[in-house]
Structures are given as structure tokens and as C-alpha cells.
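Asker: For reference, the structure I am asking about is given below.
Coordinate-derived values only; no laboratory data. This is a predicted model, so every value here is computed, not measured. Because the Cβ atoms are built from the backbone with ideal geometry, glycine has one as well, and the counts that use them run over all protein chains shown.
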Amino acid sequence: MRHIPVTCEQREAMLRAVGCDAIGDLFTDVPVEVRLERPLDVPGGLGEMELVSHLRGLADANDPASGMVSFAGAGCYDHYVPSIVDHVLRRPEFFTAYTPYQPEVSQGTLQAIYEYQSMICALTGMDVANASMYDGATALAEAAMMACRVTRRRRVVCAGTVHPEWQRTLLTYAEAGTFDVTFVGCEANGTVAMDDGGALAAALGDGDVAAFLVSSPNVLGNLEDLTGAAARAHDAGALLVAAANPLLLGVLEAPGAAGADIVVGEGQPLGIPMSFGGPAFGFFACREAHMRHMPGRLVGRTVDLDGNTAFVLTLSTREQHIRREKATSNICSNQALCALAAATYLCAVGREGLASTARACVAKAHYLRDRLLATGRFSAPWDAPFAHEFTLAYTGDVSAMRESLLERGFLAGVPLALTGSLDATGIDPGLAGSLVVFAVTEKRTRVEMDTFAQEVSSL
Amino acid sequence: MYPSDLKYDKEHEWVRLEGDIAIIGISHFAQNQLGEVVYVDLPSEGDSVNAGEAFGEIESVKSVSELYSPADGEIVKVNASLSDAPEVVNEDPYGEGWMIQVKLADPSQIDGLLSAEEYEAFVSEEA
């Protein structure tokens, strides 16, 4: 493909047209602390052999979770990825294709996306799922915007127990003036009070709230009361947006069955490696009544003139390539390859495989929690129900504990404070510094967990 | 094709005046230009509308267009059956295909709209 750069004159003309003096003016929304204020320090060219050797050296300097016993989670999990996932992804028809606008030549890609959408609907208990979003955090923010369109309101209430990084993403969208956000923190039991007359009911207030956003499990690992959340939200004329872990939906009740109107989440647990935090994908599903307000691409099944089954992009009038100024979102793309990984994963493990994997994670997490409490080094800050992730308070210095366990080959959870600002969580700041979130996947063995507990005891 | 008891505007809506209530839909010309209508997005009862401003959207297999109100007022009724059967807009644009009923702030606004004859002349220029 030829690249035709603009001339200096053309660049100047474009800057004048949008009212900027310099290119830098276009980046003023990027926080100063993350801008590179010096030229890129890129060394000169290398031959292929030297380059491979250099890259190998860089890679070897890492300690990947795959080489350790990992109890780290907090949004990114060390699940087993069946080998068939990579084999399907590496097919060039999938690997190199760009967005499938033209159905005549893209039936395979479109069918794969359609299958993916159908599986997300089955998992979430929703009627319609889109072709995927960038990640769980943007899916949550897009759900907030969608709820504002549906209800014609412009304020959302978010559980303070949603992952702090997702809160940041939500606030970034809010800064653009799209909607206002208020947070409702958790009680001493590590969950938000969803009962009538509780903190959520108070936060939903006087009928101007478009949606209540909640994540279950929350960032602490605790399961929130979605049925109560749905009742409170609907009482206030708001939608319930529930974020879920798709792998755990193998055993947990579908959020749709609990009353959620939009279900979103991070797809990484479904067959995508941790890869230093990305890329993965976000999933997004809703009820049919609201589908015309949904963002993102959507593949539908239809028949062609001869009556053959065919797959096409559908309801495209929601999207900005049809109607820029009226589009439901400026996201007109998807994470097709990562979504394909998830669809392949789900096909590989099947309905029962997903349930048994989820059950294994949950059972092992409960085992590890008991073992860690028995060491006497940890205490339980609450006794809320949880799935494959839980939070404990460490009695000593958290970073020293993690350092020494790292030397012994263990990733000893994620300190809650590392997940971001805890201001909205409602957790006692005096307690927050001691909290560590542990995740247990099906990959962990009893021997690994017993050894880990012994190492903790010996600290 | 353009009933003489109706008034029309240049955005191709028609108005039937019944007392101070205006029943509003889109013309035969509009439905024919749009082609097969697949979705009509209408406002809620109680919403107010202003002359010349969009009150909804109509989507066909070919395009999406805004629906414009020919007058000011408050919506007292919405044709909810269009959500299940949008094709009625094609089949019966002046009858079952009506979209909203508006309690007019000033019924004399309707006098300023086009007559059937004037509208027909207008669309023959457009076509």
C-alpha cells in the first residue's frame, strides 16, 4: 500500500482550518505526565540477526507469569489457553483480514463474529451482543452513554467497587461532557448495599439517573446482589448495567436473569493470554428493546436471493460510517481477532467444560483462602460471598511479603492499592494499604497452593 | 396521492387538523422515496415539539431520515403500532401510518403550510 504523506503547506492549512497553531495543540487532552517531552530515543538500524538477538534479550529480561505460580488477577487472569485457539487465530483468512464490510467475500469472518455474538448472548442472558469492544472498561463507559440515550437522562451512578481503572475510563468519558458520574461506596462487608433504603437507593435519588453500573464479582472479588441492584435501578427508572467475568458465567447466574439491562465485561479470561495486560476485548450485550441504541458493529444472519444462509453487518445506521453526527458511538470497529479467540475457546471447552473450569477456579480459590487464613499472616476483612478471587488483609509489610515470595517463584496476589485510586470504594483508608487481592485459576494445583501457604507461614 | 383535506410541509410531512389537534405523518412521496420502512423512532407522549425541529427518525432499507414537526405543541399520542409494523407507513401513509398527534400551541400555524396542490407542485420540481 502506498503511503502519501501531507506536505508542510497542507499540514499548516489543516491546522489553521481547525484553529490550532501547532500539532501539539491537538494533544492538550493528553495528561502532561504521560507525554514524552523529548525526541524518541531510537537507536540506528540493525541487521535481522542482531535485531532478533536484541529482542530476545529484552524478552528474557522479563519474568512472565507463565514461568511462575501466579495468584495475580485484578482484571487479568492466568487461565489455560487450549492450543486450538492459536491454530484458528493464525489462519491468514482471520489473521490478516480487516473489517468485513463486504459480505460477498467475508462470510467466514462474519459467521465467526455471529457465533461469538450468539455465545455472549447465551452467557449473559441477553438478546443481542455486538461484535465486541476494545476492552471491558470502554464497554462499561459505552454502556453508560447508551443508558443516557435510552432514558434521555445524563447522570449515572457507579458502584465504587468497580475496578478503579474502569472508573478512570468512565471519568474520562464523563470529562467530555457526555454524562455526570457519582459513586456509591461499599459497606463494611465489601459490597454495595442494594436493599430498599440502603446506600444505592439513596444515591439513585430523585429520578434523574440513567443507569446504575456495577461489577460482580467486584474488584475485591466479592459478588454483588444484582437482583437487588436491578430492583433499585428499575424503581428509579434507571437501567442496570452489570459487568461480569465471562468465564465465571459458566457457573454464576446470567446477569440478564437477575434483571440487568446491559451486560458488559472484559473478555480476556476466554482464551486470551495475559500479554502484559492486553490486547484483549470487551463484550457488550443488551435487551432487544434497546438494540438500536447499542454501540458497535453487529452481524446478523439472513438469507440471500437464492435462500442460502448468509451473514451481513446489520443495523449499521447506528454507526458513524453511515451517520457521523447521529452515531451511537465513535467506536465503529471491534476486536475481531480477540473475539474470535473467545469464540474458539468457548467451542473448545463447551458448555460443560466452561462450567467445570469455573467450578475448579471457585473451589480452588476457597481452598487457598482457608489455607492463607490458617497461616495467621492474613485476616479476613469481610465474609462476603466470592468466586475465584478474594481479598485478605496482610498483617505485615505487603511489599516485603510480595518481594520475598516473588524470589521463591510466586506472584502473591495484587495489592488493592495498585489497582488505582480507592477513594470511591468506600473502604477504610486505614485498612486499604494492607489489602491484597488473590485470584486462583484452574491452572493452580493443590501442591502449588499448599507450598505457597507454607512459604507464607515461613515469612 | 395528496389528499386535499391535508396540509403539507417541504420536509414531506402531512398534517390533518382536528380541532386543536394535529395528526402528523409523512407523505406518499416521502415513503416512496425512502423505500421499505424498517423502523420508526418516535418521541414519548408529553414531549414538546417545535416547528422545523426533529421529533423522530425514520429508517428504511436505504437510508435514515429525520422527521420534522410542522408546528409547535405537545405530543398527546404516538402511533405505537409502528414499532411492530413500520411497513404500514408504506402501505397507508395517510391513514394507519400516522406518527404523532400534537396539541397545537397555535393552530393558525397550520394555515402557513402548503396545500395539496402546492405540495404536488413542490414535489414535481424535486422529483
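Asker: Rounded to the nearest 0.05, what FRET efficiency is calculated for A:GLN107 and A:ALA355 with R0 set to 30 Å and r the Cβ-Cβ distance? List each step's numbers first, then the result.
Answerer: Details: r = 31 Å, r/R0 = 1.04.
My answer for the efficiency is 0.45.
Asker: Sticking with this structure for a sec: Near A:GLY278, within a Cβ-to-Cβ distance under 13 Å, what is the net charge of the other residues, with Lys and Arg +1 and Asp and Glu -1?
Answerer: Charge balance near A:GLY278 sits at -3.
Asker: Choose one of A:ALA360, A:GLY265, A:CYS286: the residue whose Cα lies farthest towards the positive end of the charge dipole of chain A (beta-carbon charges +1 Lys, Arg; -1 Asp, Glu; about the Cα centre).
Answerer: Result: A:CYS286.
Asker: Go from 0 up to the bin containing the longest alpha carbon distance in the range A:161-209, width 5 Å each, and give me the % of pairs per bin.
Answerer: The percentages, shortest bin first, are 5, 18, 23, 21, 20, 11, 2.
Asker: What longest range of chain B stays clear of loop-exposed trypsin sites (Lys or Arg not before Pro) (DSSP non-H/G/I/E/B, at most 15 other C-beta within 10 angstrom)?
Answerer: Longest stretch, sites excluded: B:63-127.
Asker: Which three extents, in angstrom, do the Cα atoms of the protein assembly as shown have along their principal axes, listed largest first?
Answerer: Cα extents, longest axis first: 94, 66, 56 Å.
Asker: What share of all Cα pairs of chain B, in percent, falls into each consecutive 10 Å distance bin?
Answerer: P(r) over chain B, rounded to whole percents: 14, 49, 33, 3.
Asker: Whole number please: convex hull volume per residue of the Cα set in the range A:420-459, in Å³?
Answerer: Taking the convex hull of the Cα positions in the range A:420-459, it is 107 Å³ per residue.
Asker: Here's a follow-up. Among A:384-394, A:238-248, how do they line up by average Cβ neighbours within 10 Å per residue, starting with the highest? Kindly include the intermediate steps, with their values, before the conclusion.
Answerer: Details: A:384-394: 23.2, A:238-248: 27.2.
Most protected by this proxy first, the peptides run A:238-248, A:384-394.
Asker: So, one more: Take the alpha carbon atoms of the range B:74-94, find their center, do the same for the range A:220-238, and report the distance between the two centers in whole angstrom.
Answerer: After rounding, the separation between the Cα centres reads 35 Å.
Asker: Filter the GluC sites (Glu not before Pro) in the range A:1-69 down to the DSSP loop ones having no more than 12 other Cβ atoms within 10 Å, then list what survives.
Answerer: Sites meeting the loop and neighbour criteria: A:GLU37.
Asker: Across the residues of A:292-299, average count of Cβ atoms on other protein chains within 10 Å?
Answerer: On the way: counts 4, 1, 0, 0, 0, 0, 0, 0.
Across the residues of A:292-299, the mean count of other-chain Cβ atoms within 10 Å is 1.
Asker: I would also like to ask the following. Given the options B:SER69, B:SER44, B:SER108, which has the most mean-square fluctuation in a GNM of chain B, springs set between C-alpha atoms less than 10 angstrom apart?
Answerer: B:SER108
Asker: Say R0 is 45 Å: what FRET efficiency, to the nearest 0.05, do A:TYR80 and A:THR178 get from their beta-carbon distance? Don't jump to the answer; show the numbers that get you there.
Answerer: Numbers: r = 39 Å, r/R0 = 0.86.
Result of the calculation: an efficiency of 0.70.
Asker: Also, I was wondering about something else. For the range A:84-343, what is the charge dipole size about the Cα centre, in debye to the nearest 20, if Lys and Arg each add +1 at the Cβ and Asp and Glu each add -1 at the Cβ?
Answerer: Rounded to the nearest 20 debye, it is 660 debye.
Asker: Further question: Taking 0.36 nm per intervening residue step and subtracting the Cα-Cα distance, what contour gain separates A:PHE27 from A:VAL52 on full extension?
Answerer: Here the answer is 5.6 nm.
Asker: Another question, then. I want to check the label-to-label distance for B:GLU53 and A:LEU406. Put each point 7 Å from Cα in the C-beta direction and report it in nm to one decimal.
Answerer: The two pseudo-label positions are separated by 5.8 nm.
Asker: Using only the Cα atoms of the range A:167-319, each taken as one equal point scatterer with no solvent, compute I(q) by the Debye sum, divide by I(0), and report log10 of the ratio at q = 0.08, 0.10, 0.19 Å⁻¹.
Answerer: Reported log10 I(q)/I(0), two decimals: -0.29, -0.44, -1.34.
Asker: Between A:SER457 and B:ASN90, how many nm apart are label points set 7 Å from Cα along the C-beta direction?
Answerer: Modelled inter-label distance: 7.6 nm.
Asker: In whole Å, what three semi-axes, largest first, describe the equivalent ellipsoid of the range A:84-343 built from its Cα gyration tensor (square root of 5 times each eigenvalue)?
Answerer: 32, 20, 16
Asker: For the range A:350-440, what ratio Rg/Rh do Cα atoms give with a Kirkwood hydrodynamic radius?
Answerer: Rounded to two decimals, Rg over Rh is 1.01.
Asker: Quick one: putting +1 on the C-beta of Lys and Arg, -1 on the C-beta of Asp and Glu, what dipole do you get for the range A:3-71 around its Cα centre, in Debye to the nearest 20? Show your work: numbers first, answer last.
Answerer: Working: 5 positive and 12 negative charges, 21 e Å.
I would put it at about 100 debye.
Asker: Provide the percentage of antiparallel DSSP beta bridges, counting only those with both residues in the range A:84-343; round to the nearest 5.
Answerer: Close to 45 percent.
Asker: Let me ask another. Counting helices only, and only those DSSP H runs with n ≥ 4, report the 222 nm mean residue ellipticity of chain A as the sum of -39,500 (n - 2.57) divided by its residues, in deg cm²/dmol to the nearest 500.
Answerer: When only DSSP H runs of four or more count, the value is -11000 deg cm²/dmol.
Asker: For B:ILE26, list long-range residues whose amide hydrogen, built 1.01 Å from N in the peptide plane, is under 5 Å from its own amide hydrogen.
Answerer: B:TRP14
Asker: Taking each full run of DSSP H in chain A as one helix, which ones are at least 15 Å long along their axis (Cα atoms) and have mean Kyte-Doolittle hydropathy of at least 0.5?
Answerer: For chain A, where a helix must reach 15 Å along its axis and average at least 0.5, the hits are A:136-151, A:336-374.
Asker: Could you pull out every one of the lysines with an alpha carbon less than 24 Å from that of B:LYS10, ignoring same-chain neighbours closer than 8 positions?
Answerer: A:LYS326, B:LYS62, B:LYS77, B:LYS103
Asker: Evaluate the charge dipole of chain A about its Cα centre and quote only its size in Debye, nearest 20, assuming +1 on the Cβ of each Lys and Arg and -1 on the Cβ of each Asp and Glu.
Answerer: 720 debye
Asker: Between A:VAL303 and A:ARG152, what is the label-point separation in nm under the 7 Å Cα-to-beta-carbon projection?
Answerer: 3.9 nm
Asker: Quick one: which of A:284-295, B:26-37 comes out on top by average Cβ neighbours within 10 Å, and what's the full order, highest first? Working shown, then result.
Answerer: Details: A:284-295: 21.0, B:26-37: 19.5.
Descending packing order for the listed peptides: A:284-295, B:26-37.
Asker: Let me ask something additional. What percent of all Cα-Cα pairs in the range B:1-54 falls into each 5 Å bin, going from 0 up to the bin containing the maximum distance?
Answerer: That works out to 4, 15, 25, 27, 19, 9, 1, in percent per bin.
Asker: Which number comes out as Rg/Rh for the range A:1-139 once both Rg and the Kirkwood Rh are worked out on C-alpha atoms? Mind dumping the intermediate values first?
Answerer: On the way: Rg = 22.4 Å, Rh = 21.5 Å.
Expressed as Rg/Rh, it is 1.04.
Asker: Compare the peptides B:17-24, A:217-224 by average per-residue count of other Cβ atoms within 10 angstrom and give them in order, highest first.
Answerer: Most protected by this proxy first, the peptides run A:217-224, B:17-24.
Asker: Then there is this: Specify which residue in the list A:ALA147, A:ILE331, A:TRP382 is farthest towards the positive end of the charge dipole of the protein assembly as shown, using unit charges on the beta carbon of Lys, Arg (+1) and Asp, Glu (-1), about the Cα centre.
Answerer: A:TRP382
Asker: Between A:ALA122 and B:GLU118, take the C-beta separation as r, use R0 = 41 Å, and let me know the FRET efficiency to the nearest 0.05.
Answerer: 0.15
Asker: What is the distance in Å between the Cα centroid of the range A:134-154 and that of the range A:397-424?
Answerer: 32 Å
Asker: Let me ask something additional. For q values of 0.15, 0.16, 0.17, 0.18 Å⁻¹, compute log₁₀ I(q)/I(0) with the Debye formula on a Cα-only model of the range A:199-246, without solvent.
Answerer: Here the Debye-derived log intensity ratios amount to -0.36, -0.41, -0.46, -0.51.
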